[in-house]
Every structure is written in structure tokens, then in C-alpha cells.
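Working notes, beginning with the structure itself.
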Amino acid sequence: MCGVAGIINYKSCEKKERLLSSMCSYIHHRGPDATGTYSKGPAGLAHTRLRIIDLHGGDQPIHNEDRSIWIIFNGEIFNYPELRKRLISRGHRFYTETDTEVLVHMFEDYGTGLFEHLNGQFAFALWDQNREELLLGRDRMGIRPLFYFIKNSRLVFASEIKALFADKKIPRQIDPQNLSEIFTCWSTYDGATVFKNIFQVPPGHYAQFSKKGLKIRQYWELPFGKASNREYPKRPLSEWSEELNQLLVDATLIRLRADVPVGAYLSGGLDSTYTSALIKKNSSNKLCTFSVGFTDKRFDESFFQNMAVDYLGTDHKAITCSYQDIGAIFPKVIWHTETPLIRTAPAPLMLLSRLVRENDFKVVLTGEGADEIFAGYNIFKEDKVRRFWAKDPGSRLRPLLLQKLYPYIFSQKKGKAVKVLELFFQKGMQDLSSPVYSHMLRWGNSSHMKGFFSPDLQKQISDLDNFITRYIQTLPEGFMCRDSLSRAQYIESRIFLSNYLLSSQGDRMAMANSVEGRYPFLDHRVVEFAAELPPDIRMNGMTEKYILKKAARGLMPPRLINRVKQPYRAPISQAFLGDTHHDYVHELLSEKAIKENGYFDHIKTNNLLKKCKQQKGTLLSERENMALVGILSTQLLDFHFIKKIPREEGV
């Protein structure tokens, strides 16, 4: 894993070396082992390296035989040994043992058609010196980031936005509409970021930059959104399960390819336990696993983590995270996410990756992605229940399914309160023709947080209906030909997975401590397989990840397979207020700071803080908890990136 940065300027012969060096300094955490640069003509490329493959001979930039093509690369190509053999048989000569050099020769043979041959997680920049053209590429699922700023004939790109802001010519401003979308669906989508005029290459896309300008093209579509007019194949569950297991074995084993030790995260849930079990069963690795627990037992899964460790016999390391820990590290979290958050969940993961690095590991396998591609979230069940209820809106029995789905919510309510909850879930229930039916309720609930925006900001943003209309226009042709579960999975994967889970909770929290995460469930072969499964094989009745649970039998304890899913979450309000104390919280949420920045209404914000303090740091409403984090993280973002760009000492 590494960091990339670069400048292409066709109009000016600017001196790039000093700026490239500064850009690298901001992403040094991504590659603390080595740096390298290339500068000639319009192009300047820079690279920071985390040595994982070819430890002694793979420093970048890397070039082809005649030095006409240069590349800087962030990520891994897991099938590089097979590609390398093919290229050698075609006459190519290699001077390193890296996966990066494979890309140079693949480009020589296939041009932009190289992407269909790659199995990996990557972001790279390839400069064709003879043609004076730049190719930027990003992996199918958006696991690795790639940002850019373009003005006229000058393009600046990097693995992280902070590296772009090393260039003083690039303006720093939060985009009100994109901020509004984060307070609606938890992230921006496609190529947008929270910063005005800062974009990212979307997942499954590549960009070409030449004297003619910038062109972005899609090379892979998330298969859940593809139109499908044929029936799903009819096969016994045992056949589906066996094929999935074979795919996951290979997806896991190729992700163990490294010249350094590889560990694994072990949360105590189905997904991470399954991948850890596959490693133990199919390799000779002495597996080291890592987990995080919480002092607040509502969020703690240590019991199940220990059960998995005892069953698998791994060398296990664990940390326990307190309210104080989350609040203390949160400024650094925002420095690395480079976007507002409405949950604190990334914070414990940053502490976990620090534990990994302290134990001399650079690579970990994780279970991310399984919930999206095998329908593991409650939002998919909720969609199914509401569609069922909509067929008989007056039924008194059908709403009871929601109580089964959300027992921790309904158990705290009685009488009229239960009726109010049912009315909430009934909202928009008859809008079955909407392409985004599955997510309308969540987006509507989250968008209420925008009530904390200042009057001035309110004038600059559009309403929820406008957002939904714009989002629907981005959906692929034939989207409504898919079944309702596939549509919900497409939306969840496109917005939440790539721009939040794999970014704020994935790449950024691991790379903050120079750790590379790898995701077997996001092997594109596994994703494509999952999309071809009949819906009731992914989610059977109200049983989520049905086929995955079948495939896991015999590999892990039945109790872990069948346990009620516990979504990964972390404490919120108590991490910042109540018994904990953090100076930055009081400074950034003060009336003066809120008024000065102008994003939020100082009266409503102050009332929220008063309520929290009166309840000893505990906000009972989920929406209020999310609003508190959203306000605080936006204020931190402004401090880090608008007021100034400090080093990592934080506030």
C-alpha cells in the first residue's frame, strides 16, 4: 500500500519538485518506507511506499524497458504472478518482482483494456511520455482512493485530499450541497467530495488526461444494477454453496500474497470469522488476529471474539475502547477521513490499526463487503417488510415483523409510542414504484439533521425530493428490471460501501497507521457471483446472508453462524460530553465558533448541547447523536482544511 501524487501541466513549465515533495509529506503515513519522483516535460509524479511485495527492488515510479511509460501505484494486483508469466511469454522483460511493473507491460499490450484482466484493489497514475497522456485508474469497488483538481490545462491528483491542498493554488471551500448530501445519505456519491471542485475517480472508472482535456470512462458496472430480463438459474442450494466456498477460498488465498506477515481482523461476527477460518484451513500461516472491544457493553462483542479465537486457535491481540479513547482520537480521525461523519465508528478502527502496526504487521484481511453483497443489513429486511405490509396496509399483524426486526427499539416503547414508530415505518410505504424505495425512509430520517444548518446554508441547498430526483437520474439503464433486493443492494453498495465504509472506516483508518486492509468478499468474482444468485438465496425470508451461513457450516461454531447480527457501532455523545472532557469539543461547539464558521444554527446547536449535558452526556435519540457527530466533525474539518492545514498534531 502506498500514496500517489502528481501534477500534469500542459501550458506552463512550472517547477514541480518542491510541490511534489510537499504533497508526499502529507501522505507519508501511506508509505513511510520510501519515496520517489519523476519529472519531465508536462508531468511530475511522486510516490510514497509501504513495502509489501519485492521489499528491496520495487521502489517507484516504475518504468518499461525504454523508459517511455512511467507508473505510480497504490494497492495490490492479486493475480500478478499469473499476468507476469503471460507477459514474459509475450517477450516483456522485467527488472523488479513487483505487481506494479505488471501494469506497465499490460498497458503496452492492452491499453485501457488492461482493467478487465486485473483482480485487485488499486489506484494508479500512468504517464505515457511519448504521447504526453496520463491514465488514472481505480479498482472496481472503490477500495483505494484517487482525488483530483483540474483547472484549464493543469491537473493535480493524489491519494488524499490533504496532498492536493499542499498546492496553495487550489482553493479550499466546503461545498454546501455536498455537505447536505452527507447529512442525508452519510456520504457523497460518484465523483463528488465535500470540498468544492475536488473530485474523485469513481469506482470502476478510469480517466484520461491529455492536451485535449479530461475524459472519464466506466470499465465495470456494479452488477446488482445491471438490467436482467432472464430468470435466475435454478440450482440446488448445495451447488451454490460449494461454488461460493471455492470462490472465497481462492479470493482469500490470493490476498495472502505478500513478502511480509499477513494478519486478520476478527470481530466475532460471521464474515471475519469465516475469512479467518478459510486462512487457517487452507494455508500454513500461523494466523494472528486482532479485535476491538468496548467498555460500554452495549457495543462490546468480546464474548463472541473469544469464542472464535478459541475455536480457530489464532494468536490473538485485542484492545478495549473507552468513551475517552474515542473522544481523544476523533480530531485525528477527521484529519484522515477528510469528510464529516455522522457516526464515531471509524475511531475504534483507527485504534485497532495502531495495534496491528505495533505488532509489526502491515497487512490484514477483513470481512468488509459481505453485508452489502449477501444482503446482511436490516435495511434490506426493512424494505421487504414494508413491501409486504403495503399489500395490506390495514393489517395489524404485518407491522409486528418490524418489532422482530428492531426489538431494541420497540422494547423501550409502549402503547402510543409503539404506534408512533409504526407510523414512522409506514411513511411513504405505498411509493413502491420509486427506484430508491428501499432507502427513502433512511434518507428522510437522516435529512432531518439538516435542521441544524444555519439559515444561510439552508438557502444554498436543495430539499430531499430534489436530491432523490438527481440521484435517480444517475441510475443505470434498465435499473427497474432488477428485483427489489438487487436494487437495494446496488444503492447501498454504490453510496455507503465505497464512499463511507471502504473510505472512512477502511482505507483511511488503516492507512493512518500504515496498514493495508484486504477484502476477500470484494473480489469482483465474488461480487458478480452474488449478483447472479436468486434473491431468496441471498436473503431467505428474514434470514440475512443465507447462502453464506450455509457455506460457513463446519468452518466455525454454529453459535457464531446463527447469532443475531449485531451491527458494528461505537458510543457517540458520551465520548464527547458527560464524564469525558476534551477542550476541542467545547471550543469548536462554542457559540462563537459555530457563528464564525456559519454552517450551523448556534441556537439549535446550543440547545442540543444543553440537552446532552442535562442527561449526563447521553442523547437517547439516534438522530440527535448523529447530529452531534455531524456538527462536531464538520467543525473539525473546517479547522483542519479551511482555516489551515496543520500537521497531524490535531487540535
Problem set entry | Taking the chain and dividing mean pair separation by its residue count, relative contact order in percent (alpha carbons under 8 Å, at least six apart) | 17
Exercise. When the Cα centres of region 239-264 and region 289-325 are compared, how far apart do they sit, in Å?
Worked result: 24
Exercise. Once the other residues with Cβ under 9 Å from the Cβ of THR96 are scored (Lys, Arg +1; Asp, Glu -1), what is the net sum?
Worked result: -4
Seminar exercise, completed: Neighbours of PHE388 by Cβ distance under 12 Å: Lys/Arg at +1, Asp/Glu at -1, summed charge +3
Exercise. Name the trypsin sites (Lys or Arg not before Pro) in region 1-109 that are in a loop by DSSP and that have at most 12 other C-beta atoms within 10 Å, would you?
Worked result: LYS11, LYS15, ARG67, ARG90, ARG93
For this session: Within 10 Å, count the other beta carbons around each residue, average over each peptide in 19-27, 338-346, 369-377, 610-618, and list them highest first.
Result: 369-377, 338-346, 19-27, 610-618
Exercise. Which order do peptides 420-429, 147-156 fall in by mean Cβ count within 10 Å, highest first?
Worked result: 147-156, 420-429
Problem set entry | Added length on full extension, which subtracts the Cα-Cα distance from 0.36 nm per residue, LYS15 to ARG553 | 187.7 nm
Problem set entry | Mean residue ellipticity (222 nm) of the chain, computed from DSSP H runs ≥ 4 via -39,500 (n - 2.57), nearest 500 | -11000 deg cm²/dmol
For this session: Could you work out how far the C-alpha centroid of region 1-52 sits from that of region 98-135, in angstrom?
Result: 18
Exercise. Which FRET efficiency, nearest 0.05, do GLN460 and ILE642 yield, Cβ-Cβ r, R0 22 Å?
Worked result: 0.85
For this session: Could you please rank ASP507, ASP33, placing first whichever residue has the fewest other Cβ atoms within 10 Å of its Cβ?
Result: ASP33, ASP507
Seminar exercise, completed: Among beta bridges assigned by DSSP with both residues in the chain, the antiparallel ones amount in percent, to the nearest 5, to 75
Exercise. Counting other Cβ atoms within 10 Å of each Cβ, which GluC sites (Glu not before Pro) in region 461-568 have at most 14 and sit in a DSSP loop?
Worked result: GLU477
Seminar exercise, completed: the chain -> Rg/Rh from Cα coords, Kirkwood Rh, value 0.95
For this session: Return a whole-number percent for the relative contact order of region 573-643, with Cα pairs under 8 Å and 6 or more residues apart as the contact set.
Result: 41
Seminar exercise, completed: Kirkwood radius from Cα pairs of region 50-155 plugged into Stokes-Einstein at 4 °C, 1.567 mPa s, gives D in µm²/s equal to 91
Problem set entry | Normalised per residue, the volume of the convex hull around the Cα set of region 210-331 (Å³) | 251
Exercise. So what J values fall out for region 391-404 if you push phi through Karplus, 6.51 cos²θ - 1.76 cosθ + 1.60 with θ = phi - 60°, rounded to Hz, Gly and Pro as x?
Worked result: 6, 8, x, x, 5, 8, 8, 4, x, 5, 4, 5, 5, 6
For this session: Output the pairs from LYS459/LYS604; LYS281/LYS381; LYS297/LYS611; LYS427/LYS565 with a Cα-Cα distance over 29 Å in this structure; if there are none, say none.
Result: LYS281/LYS381
Problem set entry | FRET efficiency, TYR219 to GLN403 (Cβ-Cβ, R0 35 Å, nearest 0.05) | 0.20
For this session: Would you mind giving the average projected area, over all directions, of the Cα convex hull of region 573-643 in nm² with one decimal?
Result: 4.3
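The numbers here are math on the coordinates, done by the rules we state, and not lab data. Everything quoted here is computed from the prediction, not taken from an experiment. Glycine also receives a Cβ, built like all others from the backbone with ideal geometry; neighbour counts cover every protein chain displayed.
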